[in-house]
Structure formats: C-alpha cells, structure tokens
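Structure, as structure tokens:
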Amino acid sequence: MVKPHTKRPSEVIELQYPVSIDGTTVEELSMRRPTVRDQILFEDGKGSEARKIVKMLANLCEVSEETIMDLDQIDFLKISEVLSGFQEPQSKN
C-alpha cells in the first residue's frame, strides 16, 4: 500500500552570523531531510567534495549555492551537523 505524499520533515537552523539574500537579512535556514535522489545527485555531482556539499546543502535549504558560500564557517559547520544527524538512524521514541 502506498502512503499519501506528506511534506518532508525539516529542521530550522538559527545562524550565529546572519547572511543577506537579495537584500534581506536571513537569520535562520530551514533544511529538509534528504531523499535517496538527493544522495545520488550528490554522489554523481562534479567538483570537489566541498563544492558537492555546498550544492547539496543549498538544495536542502532551498537557497542559492552563493548563500551557503557566504555563511560564516561556524554556521556552515552547524548546518553540516544537521545534515549528518538526518543521515543517522532515527530512534522510534
């Protein structure tokens, strides 16, 4: 039986150092959980590992790659950790 389509779960990440998108200050990003398609696109992508990660994070946060590139390193590490957490097995609590 096929389940009805539901919106992908996401997590909001507060930025320690906000960025500007089209002249608007952005203080948080929302990242959706990745799909198998996202993982395949990442693995098949071109460029360095870092560039592929930037592209995947931009896709999951629905922002441009430039926005991810403009993040402070501490905020980049924070959203990378959220992605890692999404990829770990989830407990059924």
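The values are calculated or read from the model by the stated rules, or taken from the named source; none is laboratory data. Here the structure is a predicted model, which means the values were calculated and not measured. Quick reminder, even Gly has a Cβ in these numbers, built from the backbone with ideal geometry, and neighbours come from all protein chains shown. Areas reflect the complete protein model, heavy atoms only, side chains present, ligands, DNA and RNA absent. Shrake-Rupley method; radii C 1.70, N 1.55, O 1.52, S 1.80 Å.
With the alpha-carbon atoms as the only input, what is the per residue convex hull volume for the chain in Å³?
Given the Cα convex hull of the chain, per-residue volume reads 130 Å³.
Give me the percent of accessible area attributable to carbon and sulfur for the chain, probe 1.4 angstrom.
Summing carbon and sulfur atoms, their accessible area is 51 percent of the total for the chain.
Hull surface divided by four, with the convex hull built on the Cα atoms of the stretch 42-93: how many nm²? Can you show the working numbers first?
On the way: hull surface 17.8 nm².
Quarter of the Cα hull surface area: 4.5 nm².
Put +1 on the Cβ of every Lys and Arg and -1 on every Asp and Glu Cβ in the stretch 11-79; which of ASN59, VAL12, LEU71 then has its Cα farthest towards the positive end of the dipole?
Result: ASN59.
Just the number, please: Stokes-Einstein D of the stretch 24-71 in µm²/s, Kirkwood Rh from C-alpha pairs, 20 °C, 1.002 mPa s.
D, rounded to a whole number, is 191 µm²/s.
For the chain, with only Lys/Arg (+1) and Asp/Glu (-1) charged at the beta-carbon, what is the dipole magnitude about the Cα centre, in debye rounded to 20?
Its charge dipole is roughly 680 debye.
For the chain, what is the accessible area per residue in Å² when the probe is 1.4 Å?
About 76 Å² of surface per residue is accessible.
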